[in-house]
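Step one of this worksheet: look at the structure below.
The values are calculated or read from the model by the stated rules, or taken from the named source; none is laboratory data. Small disclaimer: the values here were computed from a predicted structure and weren't measured. Heads up, the Cβs are rebuilt from the backbone with ideal geometry, glycines too, and the neighbour counts pull from every protein chain shown. Calculation scope for accessible area: heavy atoms of the full protein, side chains included, ligands and nucleic acids excluded. Shrake-Rupley method; radii C 1.70, N 1.55, O 1.52, S 1.80 Å.
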Amino acid sequence: MSKIRISQEAIDDILEQVHEELEEGASATRILQIADEHPQARAEILSFAVEWFASDGDGVSDDKRVVGKTPREHADLLDRYWNAVGPVDDNLVDGLDPDRLRDVAARCRIDLDILRKLARGRIEPSSIPGILVGWLGNELSLPNAQVWTSLASADNRMHADYFAPGGKRTGAKVTFAEAIRSSQLADDDRRFWLDRLEA
Amino acid sequence: MTSKHSIGIVAPLTRISKHTGEPYVRPPNVSSQIRAVLDLPMDQAFDLARGGRLYPQTLVYLMRNFRPNQRDPRHDAIVLAFFARLKSVGERIVGGLPETQRDWVDGLVADKVMQWLPTDRMDAFEVSFKQTAERLYLSELRKVRVRTRDEVSREDLVEPDSGMTGEEAADALASRPASTTPLAEARAQLSELYEALTDRERLAVGYHLELGLTEKETGDLIGCSDRHVRNLIKSARAKARGEERPARRSAGRKE
């Protein structure tokens with residue numbers, strides 16, 4: 001039999017198919033058929049099916065709310081996670097003219113002042129509703145992940161913006177609710193946000 | 001309750017199933033929960049996720065779409081909640097293994113997830129966390145078995161058989177469904193018997209009786225002789241009949 005090597009990624013794709021079909025009611029005949037279609041992965045397919053068969057099928061359902069035990073060696077796990085994910089482009093509004101920024105702000109039910117505060121890291125990111133992240137992403141044609149990364153990483157730019165030689169550096173952040181309350185937003189926009197934040 | 005203002009802002013899944021050619025889709029209840037969670041300030045959303053009060057798929061969504069570029073305690077807590085949940089699913093599959101093998105499988109699963117993190121393979125967790133976690137554990141368990149199959153203890157060997165063939169030994173399980181019957185049905189029917197079997201007995205039954213492989217093929221996959229496969233089948237048959245078997249050490253059988 002040919003010993004053509006098959007990549008682990010290809011094996012993972014095949015096993016995903018096998019798993020789906022087993023969960024949907026595949027017979028032994030069907031599993032053997034899949035194994036015949038992929039001779040380079042025959043052993044993996046058959047052994048996966050047998051392991052699946054030997055498992056009892058009961059597990060932690062996605063509907064069950066669970067707080068699992070903190071993994072051992074979690075510090076190492078987190079180090080590996082951050083190395084694996086890598087940095088994300090955190091550019092949010094650089095290069096946009098004021099009219100465009102004003103339009104984006106209005107469409108997201110905030111104003112230009114609040115948008116600037118967000119971009120400069122003067123608003124605590126964890127106080128921002130996720131819906132605003134999504135709206136900014138839609139308006140700026142950016143992935144939500146990039147928008148959030150930008151908002152949560154704005155600390156890096158904040159001090160550069162507000163440093164004045166000989167002057168006082170301000171590092172104070174406000175919550176999004178505080179920014180809304182102190183803004184010049186129209187009443188309906190103000191209420192829209194405060195109803196959510198104060199619920 | 002679905003927030004109408006959140007409609008259209010949930011990042012879509014991008015992976016296409018190699019099997020069906022269709023894009024991955026979250027279950028409706030998960031999409032609805034994500035939209036509801038996005039109505040909240042992110043610290044409340046993170047608290048709910050960390051506290052296990054959201055679907056695991058929603059947890060994964062927050063982990064993937066709300067990550068800063070520098071270390072952050074709130075995000076770290078969500079990452080640890082993800083791995084804790086992953087391990088909870090895996091415990092049902094590897095809980096009966098010796099601790100060293102269990103840790104080995106846990107490590108391999110974590111390695112695989114680390115490879116997946118920057119890719120759209122993580123979409124699978126947002127479709128079904130349980131099924132994806134199970135698949136990872138079953139796949140990595142298989143690899144650990146292959147690497148340890150030559151370490152069979154002599155105590156695992158049963159007495160020499162009396163000349164009975166594997167085919168004859170299958171009569172206790174003869175009420176098994178035909179090979180066109182869904183394996184899920186057979187699994188449910190045999191679940192009580194399987195609880196009494198050792199890992200190697202389960203594998204022998206699975207390969208030889210359920211998939212119909214020969215004793216030699218089964219032995220090659222398990223890592224033993226065809227004679228030993230016959231002994232394993234005989235032992236499983238005896239248990240199916242409720243016969244007592246001599247005590248033997250079984251490294252992997254769950255209590």
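Of note:
- Selection of the stretch A:152-199 for residues being modelled with pLDDT under 85 and in a helix (DSSP H, G or I) yields A:Asp155, A:Asn156, A:Arg157, A:Met158, A:His159, A:Ala160, A:Asp161, A:Tyr162.
- Residue count for the stretch B:214-236, restricted to those that are more than 7 Å from chain A (Cβ to nearest Cβ) and either among the aliphatic types (A, V, I, L, M) or under 19 Å from B:Arg145 (Cα atoms) (or both): 16
- In the stretch A:77-94, the residues that are closer than 24 Å to B:Leu80 by Cα and at the interface with another protein chain (Cβ under 7 Å from one of its Cβ atoms) form Cβ pairs under 8 Å with partners that are open to solvent by 70 Å² or more (accessible area, probe 1.4 Å) and modelled with pLDDT of 90 or more, at six or more places apart or across chains, as follows: A:Ala84/B:Gln115; A:Ala84/B:Pro118; A:Val85/B:Pro118; A:Gly86/B:Pro118.
- Subset of the stretch B:109-127 that is of a type in the set (A, V, I, L, M) and in contact (Cβ under 8 Å) with a residue 60 or more places away in the chain - its residue that is nearest to A:Asp13 (Cα to Cα): B:Ala124
- Count - residues of the stretch A:128-144 that are in a loop (DSSP other than H, G, I, E, B) and open to solvent by 10 Å² or more (accessible area, probe 1.4 Å): 3
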